[in-house]
1. Could you give every pair whose Cβ atoms fall below 9 Å, whose first residue belongs to segment 48-62 and is farther than 11 Å from MET21 by Cα, and whose second residue is open to solvent by 80 Å² or more (accessible area, probe 1.4 Å) and at pLDDT 85 or above, counting only separations of at least 6 or pairs across chains?
2. Within segment 70-89, how many residues are modelled with pLDDT of 75 or more, assigned to a loop (DSSP other than H, G, I, E, B) and basic (Lys, Arg)?
3. Go through segment 67-100 and give me each residue that's open to solvent by 100 Å² or more (accessible area, probe 1.4 Å), of a type in the set (Val, Ile, Thr) and in contact with a Phe, Trp or Tyr (Cβ under 9 Å, 6 or more places away or on another chain).
4. Identify, from the list ALA51, ALA67, the residue that is assigned to a loop (DSSP other than H, G, I, E, B) and of a type in the set (A, V, I, L, M, F, W, C).
5. Determine if segment 22-37 includes at least one residue that is outside any loop (DSSP other than H, G, I, E, B), modelled with pLDDT of 80 or more and closer than 29 Å to GLY68 by Cβ.
6. I'm checking my understanding of the structure. Among residues of segment 68-97 that are charged (D, E, K, R) and closer than 28 Å to ALA43 by Cβ, which one is nearest to the chain's Cα centre (by Cα)?
7. Looking at segment 33-47 only, could you name the residues that are of a type outside the set (D, E, K, R), within 12 Å of the chain's Cα centre (by Cα) and farther than 11 Å from CYS17 by Cα?
8. Do we find that ARG64 is out of contact with any strand residue (DSSP E or B) (no Cβ under 6 Å at 6 or more places or on another chain), under 21 Å from PHE95 (Cβ atoms) and open to solvent by 100 Å² or more (accessible area, probe 1.4 Å) in this structure?
Amino acid sequence: MAQLRLGPADEVTAARCASWMRTSSTWAVGRRATATFLIVFDAGDDTPRMANLLEGLSVEVLGRMRAGRVMRKPVPVPWVSPPQGGRPPKHGKEFRFAKP
């Protein structure tokens with residue numbers, strides 16, 4: 001992949017996706033129309049955004065998530081308020097990658 005110089009207003013994720021689009025179109029020449037490419041990103045990349053930007057291409061996106069990442073499950077519906085009262089939670093229970 002060729003090096004790309006970014007300006008102060010450029011977004012890294014969009015520029016990287018544009019680079020992958022150019023590269024994948026070059027690789028696709030002479031290959032089957034059904035060929036799918038696997039693109040692997042590291043934990044520092046915005047993998048969900050890249051998957052969204054690369055939608056429509058014959059690529060699969062795989063990204064590593066950092067060990068300290070915390071994801072939240074959706075709040076169960078119907079939600080019952082706790083006995084002590086208060087506002088309903090914005091997010092559900094946590095899923096921490098660092099916990100076994």
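The values are calculated or read from the model by the stated rules, or taken from the named source; none is laboratory data. These figures come from a predicted structure and were not determined experimentally. Here the Cβ is made from the backbone with ideal geometry for all residues, glycine too, and neighbour counts use every protein chain on show. Please note that ligands, DNA and RNA were not included when accessible areas were found on the heavy atoms of the full protein model with its side chains. Shrake-Rupley method; radii C 1.70, N 1.55, O 1.52, S 1.80 Å.
1. From residues that are farther than 11 Å from MET21 by Cα, the pairs are ALA51/GLU60; GLU60/LEU38; VAL61/LEU38; VAL61/VAL40; LEU62/LEU38; LEU62/VAL40.
2. Total satisfying the criteria: 1.
3. Once the filter is applied, which keeps residues that are open to solvent by 100 Å² or more (accessible area, probe 1.4 Å), of a type in the set (Val, Ile, Thr) and in contact with a Phe, Trp or Tyr (Cβ under 9 Å, 6 or more places away or on another chain), segment 67-100 yields nothing.
4. Numbers: ALA51 fails: assigned to a loop (DSSP other than H, G, I, E, B).
Matching residue, one of ALA51, ALA67: ALA67.
5. Looking through segment 22-37, none of the residues is outside any loop (DSSP other than H, G, I, E, B), modelled with pLDDT of 80 or more and closer than 29 Å to GLY68 by Cβ.
6. By that ranking, first place goes to ARG69.
7. VAL40, PHE41, ALA43, GLY44
8. Details: out of contact with any strand residue (DSSP E or B) (no Cβ under 6 Å at 6 or more places or on another chain): yes; under 21 Å from PHE95 (Cβ atoms): yes; open to solvent by 100 Å² or more (accessible area, probe 1.4 Å): yes.
Considered against the rule, which asks whether it is out of contact with any strand residue (DSSP E or B) (no Cβ under 6 Å at 6 or more places or on another chain), under 21 Å from PHE95 (Cβ atoms) and open to solvent by 100 Å² or more (accessible area, probe 1.4 Å), ARG64 comes out as yes.
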